[in-house]
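Take a look at the structure below.
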Amino acid sequence: MDQMRNLIGLGDISLQWWEALYSRCCDIIAKPDDYIDSCKGKILASMFFEPSTRTSFSFQAAAQRLGGSAFGFADPLGTSVSKGETLADTVRIVSSYADTVVIRSPMEGASAAAVLYSDVPVINAGDGGHFHPTQTLADLTTIAQKRGRIGDLCIGLCGDLKYGRTVHSIVEALSIFPNVRFCLISPNELRMPEYVLDKMRMRGQEFTETALFAESLPELDILYMTRIQRERFEDVSEYLRLKGVYVLTNKDMQHAKHDMLVMHPLPRHGEIDPEVDSDPRAIYFEQARYGMYIRMALLLDFFHLPKLTPNPIVAFGDTQKCQNPACITQTESYLVQTTPVGAAGKCRYCDKDFV
């Protein structure tokens, strides 16, 4: 298995790395008792600056099922962050107590910034509307379990593609698999960001964009639904106008392939009618369970990596400032770029183009 120190995104993973990780996951599913003490004495630190149920619980369960333990916070108001402590200092302290740190933040690029100050591996559990790589590993595991392999698929990504970090990550990860096509279904206001589309074009990934939901269903092998995320909107009226734009019902399912899989990262908020839950093609609750197993496989590696001295970036001369209001550099002003002022490039934290 290729060595990986941190998991921030999935742009650099190889097919070999995935196959090794998935093979280990399958072994854990088949023989969980063999792994009960495999990480005894290891500690996971969870820094959740944003609410979470599935991701937080599945990481804790994964660590404990491996014989390790977990600590952390799910509300920064009860920590020194509320007193003004920087992300860098929080990471320095927390990582000194643990063997791996998992971080979720509403700010894009937070986990990439955390890597610069942590002496143990860092796992991105979601950074704003940017990426959510371990959710994607759960998604890939689900597809592989249900279809036997990954490839030769038409995948419909539906809903909030602008802020949906899960769809950004799954598009990135599926680039290593053969003949995967995407149908990007969203209202124009929530279409896939241009920086993601640019990467898709660069990688030669085939995709179409449409606002038509029902018309797209018959061609899909997988329908990946997402919720319209209230917390990502600055204007509540815009959210209220767009929520409920797509709702999957049993009537819709009659027009889908008999083996189409319905997936959702959860939580849902009305975009899948509960009546669909009884359809055997609806696998979103199984998807959540597979997330725990693939996180166990990941932690088996990360828990045993040695500590390394962090290496923060030092500015030499004038550098760009990211204009993305959701970028971690907006709240953590000491973070610097590596691209000089006037040079073309992207933010090293949130991936947005410099203006």
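The values are calculated or read from the model by the stated rules, or taken from the named source; none is laboratory data. Since we're looking at a predicted model, the values are computed, not measured. So basically every Cβ, Gly included, is an ideal-geometry build from the backbone, and we count neighbours across all protein chains shown. Each accessible area value is taken on the protein alone, full model and side chains, heavy atoms only, with ligands, DNA and RNA left out. Shrake-Rupley method; radii C 1.70, N 1.55, O 1.52, S 1.80 Å.
In the full protein assembly as shown, how much of VAL81 is accessible to a 1.4 Å probe, in Å² to the nearest 10?
40 Å²
For the modelled label position 7 Å from the Cα of THR339 along Cα-to-Cβ, which residues of the stretch 106-125 have backbone nitrogen atoms closer than 18 Å?
Correct set: 108-110, 112-113.
Show VAL341, VAL167, VAL245, VAL115 ordered by accessible area, largest first, where the area counts protein heavy atoms only and the probe is 1.4 Å.
Listed by decreasing accessible area, they come as VAL341, VAL245, VAL115, VAL167.
Of GLN135, ALA110, PRO310, which is farthest on the positive side of the dipole of the chain, counting Cα position, with +1 on Lys and Arg Cβ, -1 on Asp and Glu Cβ, and the Cα centre as origin?
Of the listed residues, the answer is PRO310.
What is the percent carbon and sulfur in the accessible area of the stretch 281-326, measuring with a 1.4 Å probe over the protein chains and ignoring ligands?
57 percent
No partner Cβ under 4.7 angstrom, meaning no disulfide-compatible partner by this rule: which Cys of the chain qualify?
If one checks each Cβ against the other cysteines of the chain, CYS25, CYS26, CYS39, CYS154, CYS158, CYS183 turn up with nothing under 4.7 Å.
Once amide H atoms are placed 1.01 Å from N in the peptide plane, what residues at a sequence separation of 5 or more from TYR246, or on another chain, have their amide H within under 5 Å of its amide H?
Excluding prolines and chain starts, which carry no amide H, there are no hits.
Say we join alpha carbon atoms closer than 10 Å with springs in a Gaussian network model of the chain; which of SER52, SER105, SER169 then has the biggest fluctuation?
Evaluated over the chain, the most mobile residue of the options is SER52.
Below 17 Å, Cα to Cα, which aspartates and glutamates can LYS321 reach? Residues fewer than 8 away in the same chain don't count.
Hits, sequence-local ones excluded: GLU108, GLU332, ASP351, ASP353.
In deg cm²/dmol and to the nearest 500, what is the mean residue ellipticity at 222 nm of the chain if only DSSP H runs of at least 4 residues count, each as -39500 (n - 2.57), divided by the residue total?
-9000 deg cm²/dmol
Could you let me know the centre-to-centre spacing of the stretch 262-323 and the stretch 151-220, using Cα atoms, in angstrom?
Their Cα centres are 18 Å away from one another.
Need the list of lysines near LYS307 for cross-linking: C-alpha distance under 17 angstrom, and skip anything on the same chain fewer than eight residues off.
LYS42
Pairs of alpha-carbon atoms within less than 8 angstrom and 6+ residues apart define the contacts here; what relative contact order does the chain have, in percent?
19 percent
Any idea of GLU189's accessible area? Nearest 10 Å², probe 1.4 Å.
Accessible area of GLU189: about 70 Å².
Would you mind working out the magnitude of the charge dipole of the chain relative to its Cα centre, with +1 at each Lys and Arg C-beta and -1 at each Asp and Glu C-beta, to the nearest 20 Debye?
For this selection, approximately 440 debye.
Which lysines, on any chain, are close to LYS146 with Cα under 20 Å apart, when same-chain ones fewer than 8 places away are left out?
Candidates past the 8-residue exclusion: LYS31, LYS257.
Treat every Asp and Glu Cβ in the stretch 1-48 as -1 and every Lys and Arg Cβ as +1, leave all other atoms uncharged, and give the resulting dipole magnitude about the Cα centre to the nearest 20 debye.
200 debye
Taking the Cα centre of the chain as the origin and placing charges on Cβ (Lys, Arg +1; Asp, Glu -1), which of GLY156, THR319, VAL245 is farthest toward the positive end of the dipole?
THR319
Can you pull the one-decimal nm distance between simple spin-label points at GLU19 and ASP353, each 7 Å off the Cα toward Cβ?
Placing both labels 7 Å along Cα→Cβ, they lie 3.7 nm apart.
With the cut-off at 1.5 for a/c, could you classify the stretch 9-97 from its C-alpha gyration tensor as rounded, prolate or oblate?
Prolate.
Which distance in nm do the two modelled labels at THR331 and PHE207 give, with both placed 7 Å along the Cα-to-Cβ direction?
2.7 nm
Only bridges whose two residues both fall in the chain count here: according to DSSP, what percent of them are antiparallel, nearest 5?
5 percent
Which of LEU217, ILE294, ASN179 sits closest to the plus end of the dipole of the chain, meaning its Cα is farthest towards the positive end, when Lys and Arg get +1 and Asp and Glu get -1 on the C-beta?
ILE294
Using 0.36 nm per residue, how much length does the chain from ALA61 to HIS304 gain when fully extended, once their Cα-Cα distance is taken away?
In short, 85.7 nm is gained.
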